[in-house]
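See structure below.
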Amino acid sequence: MRSNVAVIIPALNEAESLAILLPQLAGLHLGQILVCDNGSTDATREVIEAHGATQVFEPIRGYGAACAAGIRALAPHSEIVAFMDADLSDDPSKIPALIAPIANGESDFVIGVRLPHLREPGSTTFPQRFANRLFPMLIKWGWGHAYSDLGPFRAIRRSSLTAIDMRDRAFGWTMEMQIRAVELGLRICEVPVPYRRRRAGTGKISSTIRGVWLAAYWITRTCLVLWLTKRRRLAHRRPS
């Protein structure tokens, strides 16, 4: 039963990719397919409507802003929330594997881990590979949990997502979720997933120097802010 599962897809000018992705998602019979249009100027809106998905419009640019808009649009019956990119890099057929540990009561938060042997050649750049080694290491040093990846393909229990109370509205979104999951003591697991090259459209981050540096800045900033405010949050959790 997947009627209680919602998938949130942030999208900016991804009409070509969504025309392929949305029919694949439709075959999974999920409760909600929310495409969060972050101010597209191409035919993204028309593609969403043509394939029966729900469009959530968020004009304020930012990966986190788009995801947050999707959360606000969740239906009451959506108990498990999956996140994936719109560019076909994530394989939608792996959504059942991501949600299974949550649906079975074994986990609260599942990360789709892009192991090296599962990455299609050319799917990641050197800065991406470097970041996916550096930032999990920072979480290990600061919070004691060893993540293998900061992959955007993930699933989380709705109640856990509410407890995290996501604040980031830029590229620090994935970092914040993973750090706060550790702080809240969520049951975390990792599921290996393939990672594919972009088939259509233009990359927003890895394909430009500006995009790479902006992503690195926001992820680093998010990590630093959460580290500096860590004691205050953990003290607030302790019973008086």
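Would you say D85 is buried (at least 24 other Cβ atoms within 10 Å of the Cβ) and either among the hydroxyl-bearing types (S, T, Y) or part of a loop (DSSP other than H, G, I, E, B) (or both)? No, not satisfied. Once the stretch 97-148 is narrowed to residues that are polar (S, T, N, Q) and in a loop (DSSP other than H, G, I, E, B), the residue that is nearest to L186 (Cα to Cα) is S107. The residues of the stretch 17-70 that are part of a loop (DSSP other than H, G, I, E, B) and under 25 Å from P96 (Cβ atoms), listed by number, are G27, L28, H29, L30, G31, H51, G52, A53. The test for being within 22 Å of R199 (Cβ to Cβ), surrounded by 15 or more Cβ atoms within 10 Å (Cβ to Cβ) and not aromatic (F, W, Y) holds for T44.
Among all positions in the stretch 123-141, there is at least one residue which is surrounded by fewer than 20 Cβ atoms within 10 Å (Cβ to Cβ), among the charged types (D, E, K, R) and at pLDDT 95 or above. Filtered by the rule that a residue be of a type in the set (F, W, Y) and assigned to a loop (DSSP other than H, G, I, E, B), the stretch 154-176 gives a lone residue, F171. Within this structure, G151 fails the test of being modelled with pLDDT under 95, on the phi > 0 side of the Ramachandran plot and either of a type in the set (A, V, I, L, M, F, W, C) or not in a helix (DSSP H, G or I) (or both). Would you confirm whether any residue within the stretch 7-26 is out of contact with any strand residue (DSSP E or B) (no Cβ under 8 Å at 6 or more places or on another chain), crowded, with 24+ Cβ neighbours inside 10 Å, of a type in the set (D, E) and at pLDDT 95 or above? Yes.
The values are calculated or read from the model by the stated rules, or taken from the named source; none is laboratory data. It should be emphasised that the depicted structure is a prediction, and the values quoted were computed from it without experimental measurement. Methodologically, a virtual Cβ is constructed for each residue, glycine included, from the backbone with ideal geometry; neighbour enumeration extends over all protein chains shown.
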